[in-house]
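A quick write-up on the structure given underneath.
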Amino acid sequence: MIISHEHKFIFLKTKKTASTAIEAALSELCGPNCVITPYREESEEDRKGRPQQNYRIEHPLKPKRPLWRKLLGRPERYYHPSVGYYEHMPAHLVRAYVGDDIWRSYFKFAFDRNPWDRQISWYFYKTKTKASRPSFESFMASRRRAYVDNHEIYMEGGALAVDFLGRYETLEADLAKALHMVGVARKLDVPKSNVTPNKETRQDYRSYYTPKTEAVVRDWYAPEIALLGYGF
């Protein structure tokens, strides 16, 4: 997640939409006062500009670090809300932290992806360390494990909370469009970052589905499907 005070935009980071790569590129546009949230260490070398910065804040709504983590010596992770600004923050919380004046006056954008395709990417990502990868159908049996909460990041109260929602399928063109809307004329090169191993060897996403799992995705992600008109 990035808050650019230089160019007055807020980038909300969704999951499995190349958002880490987009953020790596956007960091080129950031100045010393901008907010850049951290992400996994192995991807930090892909940053094109400034590194993580200004993400630790004090705010009445910021959750405290759980006492049990402190007592057990558990490290505070970059994705924990207790750090302040964190990578997959929802719009409503960013708005609360920055205040209504900045939220209303800054250009806000995010990206999403065909939910059926995105779900396969999520499946491979979440099972990449398994010695024996479970079937996609068994993976989908647990909503807690398999659900991707993207629309809850860029929607609020059932309505779109951002000014522009780009598509993963047309990433470069949509990123250029978003930047044009904030007055940035330069083209940014988006690196490959946080790519799940063996992505190139996957079959077409449709081949992993049964009628049952296809219907599950259609039900879970009805807001994205209705908003962006995606189909199986």
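Share of carbon and sulfur in the accessible area of region 70-178 stands at 48%, probe radius 1.4 Å. Amide H contacts of Phe9 (H built 1.01 Å from N, in plane; Pro and chain starts excluded): Ser4, Phe107 sit under 5 Å, all sequence-distant by 5 or more or on other chains. A straight line joining the Cα centroids of region 145-179 and region 41-73 runs 23 Å. On full extension, the segment bounded by Arg77 and Ala185 gains 35.3 nm, given 0.36 nm per residue less the C-alpha separation. Extension gain for Arg56-Glu214 works out to 52.9 nm (0.36 nm per residue, less the C-alpha to C-alpha distance).
Among residues other than Trp116 with Cβ under 10 Å from its Cβ, the summed charge is +2 (Lys and Arg +1, Asp and Glu -1). Approximating the spin labels as points 7 Å out from Cα along Cα→Cβ, the Lys192-to-Leu160 distance works out to 3.1 nm. Using a/c under 1.5 as the rounded threshold, could you call region 79-142 rounded, prolate or oblate? The axes a ≥ b ≥ c are square roots of the C-alpha gyration tensor eigenvalues, and prolate needs a/b larger than b/c, oblate otherwise. Prolate is the answer for region 79-142, as a/c is 1.5 or above and a/b outweighs b/c. Residues whose amide H comes within less than 5 Å of that of Phe111, counting only those at least five positions distant or on another chain, are Thr14, Gly166 (H built at 1.01 Å from N in the peptide plane). Across Ala173, Ala21, Ala110, mean-square fluctuation computed from a Gaussian network of the chain (C-alpha pairs under 10 Å connected) peaks at Ala173. Taking label positions 7 Å along the Cα-Cβ direction at both Ser207 and Glu137, the computed distance is 1.8 nm, reported to one decimal. Mind grabbing the base-10 log of I(q)/I(0) for region 1-134 at q = 0.13, 0.19 Å⁻¹? Debye formula, identical points on the C-alpha positions, no solvent, two decimal places. So the normalised log intensities work out to -0.63, -1.18.
What the chain shows is 51 Å² of accessible area per residue, with the surface traced by a 1.4 Å probe over protein heavy atoms.
For region 112-154, the average shadow cast by the Cα convex hull is 3.2 nm², which is a quarter of the hull's surface.
Could you tell me whether region 89-220 comes out rounded, prolate or oblate from its Cα gyration tensor? Rule is a ≥ b ≥ c as square roots of the eigenvalues, rounded for a/c under 1.5, then prolate if a/b exceeds b/c, otherwise oblate. Taking the square roots of the gyration eigenvalues as a ≥ b ≥ c, region 89-220 is prolate. For a straight C-alpha distance cut-off of 26 angstrom, the lysines reachable from Lys70 (same-chain residues fewer than eight places away being disregarded) are Lys62. Once you place label points 7 Å from the Cα toward the Cβ at Lys177 and Arg104, how far apart are they in nm? A separation of 2.7 nm, rounded to one decimal place. The sum of -39500 (n - 2.57) across all DSSP H runs of n ≥ 4, divided by the residue count of the chain, sets its helix-only mean residue ellipticity at 222 nm to -8500 deg cm²/dmol.
The values are calculated or read from the model by the stated rules, or taken from the named source; none is laboratory data. None of these values were measured; they are calculated from a predicted model. Ideal geometry is used to build each Cβ from the backbone, glycine not excepted, and the neighbour counts take in all protein chains shown. The area values use the complete protein model at the heavy-atom level, side chains included, leaving out ligands, DNA and RNA. Shrake-Rupley method; radii C 1.70, N 1.55, O 1.52, S 1.80 Å.
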